[in-house]
Ligand SMILES: [Zn+2]
């Protein structure tokens, strides 16, 4: 892919001062993994990024990330280095769905408070910045099945533009076990959020989290530590959903990441 070529070219340039290795892709919806000297300070467009005890870090690029980003490093001896990353820009599908009951497009006023409360819980669960090392693994699709909805698509419901789709939808029968895509700490385990029904958020460390939506059953609790592949619940159609499927999202803090760019082959 063009992104890999640009990055390979960029990495081939000599870096006279700080030590830096990057892997992954600087692309909208992608995660880029870095290795530098432990004790270094790393910033992406001015935002400080956690560097682990082995010098590892991770950067995320949201759906609409700008075409370039500035990565700055300051090593333990105070040497500074700046790298301009070229962020590959993507085109997204437009999905038009017409003839929906108006209550599915604009929620009734009676649930607005509940929607706000749900959104605050979710935002808080994704804001943690911990030293957990689980982000540094190959993610695995949490259920087997055909991907029926992709990341980034713009949704136009009854002619009104709505939030893009940030997850991937995987078709699977009701009751299929859902496995943790990577190890992590359970930050949210709710049985009935308004839009997303049974919802689990796993913290994989350094701001990387997975969100699993529309679950029929939630089988973990906040504070549980789960290993990659461990069962966290089952596929359902809870919340505002029109059929059994798993919607899997990945975040880097508030930035939305494309699970299909991060996951390895199906289990
Ligand atoms: Zn979905």
Of all residues being closer than 16 Å to residue 167 by Cβ and touching a residue at least 40 places away in the same chain (Cβ under 8 Å) in the range 205-218, which is farthest from the ligand (Cβ to nearest atom)? Just the residue, please.
208
Does the range 159-168 include one or more residues that are within 16 Å of the ligand (Cβ to nearest atom), surrounded by fewer than 17 Cβ atoms within 10 Å (Cβ to Cβ) and not assigned by TED's automatic domain parsing to the domain that holds residue 59?
yes
Under 18 Å from residue 257 (Cα atoms), at pLDDT 95 or above and surrounded by fewer than 19 Cβ atoms within 10 Å (Cβ to Cβ): which single residue out of 124, 174 fits that description?
124
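The values are calculated or read from the model by the stated rules, or taken from the named source; none is laboratory data. Because the structure is a prediction, the values reported are computed rather than measured. Heads up, the Cβs are rebuilt from the backbone with ideal geometry, glycines too, and the neighbour counts pull from every protein chain shown.
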